[in-house]
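To keep things clear, I will list the structure first and then write my remarks on it.
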Amino acid sequence: MCMTLSPSLASSSLDALPTQLAILDAEGVIIYTNQTWREFGNEHGRTDDSSSIGSNYLDICDVSGDKTAMTARDGIRAVARGDRDTFSFEYPCHNENERQWFTMRASRFSVGDEMYIQVIHLDITDRKRAELEVDEKAARLQSVARMLSHDLRNPLSVASGYVDSLLEEGVVPSQLERVANALSRIDEIISDALIFARHDSVNELVTVDLETQAERAWEHVETGDAELVVSDTVVFRADPNLLGHIFENLFRNAIEHGCDTDDCGQLTVTVGPTTGRTGDPGFYVADDGPGVPAEDRDEVFEAGYTTGTDGTGFGLAIVTQTAMAHDWCIELAESVGGSRFEITGLELRADGESE
């Protein structure tokens, strides 16, 4: 059975839309408005006839002198001339009681030989407020990073220098060594905090080799007598700097939790390719230490979480953040012994393939 949509049903459907909608003819004259368009005009005390059928929407924009209205006018006229099929832009619409943002979109359509323009104004206030909140938080985070990098680190360097000088002179070494260790600990926390605050986006993707990157990172970590084994290699695209942070923090995590106080001689850390549970290409970092307790598995990636006395609590959070910056997935995989972290979603490249 074929049914025809009646004019009254079509009009009621458009009135039910939460979006302001108007139809203009080729000259810009308003020939239809939905209920949301009319109600918005009434609520905001419009006196310029921009809600009235029969008014020329473009002429109203012309005489308003408002920058937003001029932008809308120019865009609609470009659509009317056929210079473009659609036009859209975001704009603020604030008053003394409320701050709002909208997206205006104009598009062409035809009925028979007649051309019309649909104009909608979509309320994006909730999205815009969320974006502003994110921007404000990011700005605060950068302020903290600047404070850590300069305001705190400079006096820390001075204090560390004085302690080192006194230790070399043999002045009360037992007490000064405690101060030196505390200052070193503060420096480690600052370093990890700065990485966490600043390294959340990829700068440049290049082709890297898993084995080379893992071995290079291993050299930057105090590993004692622990052993690194690379079972196989794979070539993929990554930001080498961020990838280095991933390996270094996973290696430190293995050393911190996989060694006893005095000996890492029995610990082996293994790196190799994997397809993970999803079948996506990736790599793993595993160790044969005691593993992660079941009650801690859901919390290990949270910033500030640590069960050791030497960790900063940022290590695995940095790993997660840098993996996500590459659009990779990371999980703490099931392992018979020790711990095994799998990172999947790599963009593989053939060995020797150019950029």
Can you give the FRET efficiency for residue 205 and residue 67, using 1/(1 + (r/R0)^6), R0 = 56 Å, r = Cβ-Cβ distance, to the nearest 0.05? 0.90
Residue separation between residue 227 and residue 89 times 0.36 nm, minus their alpha-carbon distance, gives in nm 43.9 nm
Quick one: order 67, 128 from most to least accessible surface, probe 1.4 Å. 67, 128
12 Å cut-off, amide nitrogen to a point 7 angstrom out along residue 55 Cα→Cβ, residues in segment 97-119: none
For residue 32, other-chain or 5+-apart residues with amide H closer than 5 Å (H placed, Pro excluded) are 23
Per-residue HN-Hα couplings for segment 231-243 [Karplus 6.51, -1.76, 1.60; θ = phi - 60°; Hz; x = Gly/Pro]: 5, 6, 10, 8, 10, 8, 9, 6, 7, x, 5, 5, 4
Can you give the FRET efficiency for residue 160 and residue 241, using 1/(1 + (r/R0)^6), R0 = 30 Å, r = Cβ-Cβ distance, to the nearest 0.05? 0.70
Just the accessible area for residue 115, please: 1.4 Å probe, Å², rounded to the nearest 10? 30
Efficiency by 1/(1 + (r/R0)^6): what FRET value for residue 29 and residue 138, r their Cβ-Cβ distance, R0 = 51 Å, to the nearest 0.05? 0.65
In nanometres, what is the gap between the two model label sites at residue 74 and residue 296, each 7 Å from Cα along Cα-to-Cβ? 6.0
In nm, the gap between the two label points placed 7 Å beyond Cα toward Cβ at residue 114 and residue 17 is 1.8
Accessible area in square angstrom per residue, segment 210-251, 1.4 angstrom probe: 43
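The values are calculated or read from the model by the stated rules, or taken from the named source; none is laboratory data. Just so it is clear, the structure is predicted and the values come from calculations on it, not from any experiment. As a convention, Cβ positions derive from the backbone with ideal geometry for all residues, glycine included, and neighbour counts pool all protein chains shown. In case anyone asks, the SASA skips ligands and DNA or RNA and just uses the protein heavy atoms, side chains included. Shrake-Rupley method; radii C 1.70, N 1.55, O 1.52, S 1.80 Å.
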